[in-house]
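Reviewing the structure listed below.
Computed from the coordinates by the stated procedures, all read-outs in this text should not be read as laboratory data. Only a predicted model underlies this, so the values are computations on that prediction, with no experimental measurement involved. Here the Cβ positions follow ideal geometry from the backbone for every residue, glycine too, while neighbour counts run over all protein chains shown.
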Amino acid sequence: MSSSGENDDISLAGLSATHRDLLWVLSQTGPSESGPLYHALTDYYTDGIDQARVCDALEELIERDLVTKQTHNTTEYRLTESGRRALSARQAWEAGTRNAAGEHE
């Protein structure tokens with residue numbers, strides 16, 4: 001595994017809104033099964049979302065080391081440290097973009 005300094009540049013820019021929204025929900029709820037994650041997104045998306053799409057997106061986030069999956073009696077998803085850092089960097093970028101658009105601190 002690489003050192004944390006090498007992973008500091010993890011970006012969410014290449015991810016879909018669904019991926020980023022799943023990371024956000026996990027950051028707010030903590031470890032969760034896919035069902036509650038799916039329901040959180042269906043509550044948010046007015047056009048709905050397919051549950052298979054949510055499961056596929058979770059697997060893609062696992063492949064990118066942004067989420068881990070633990071299976072015991074149920075399957076639970078949680079943010080990795082890389083996922084937390086990437087989400088934090090995204091939020092900082094969004095805040096900077098809003099400030100650059102004319103909002104002043």
Self-check item: Close pairs from the range 19-39: first basic (K, R), partner surrounded by 12 or more Cβ atoms within 10 Å (Cβ to Cβ), Cβ under 6 Å, at least 6 apart
Solution: R20/L12
Practice problem: Output the number of residues of the range 31-55 satisfying the condition of being exposed (fewer than 11 other Cβ atoms within 10 Å of the Cβ) and under 18 Å from Q70 (Cβ atoms). | Solution: 0
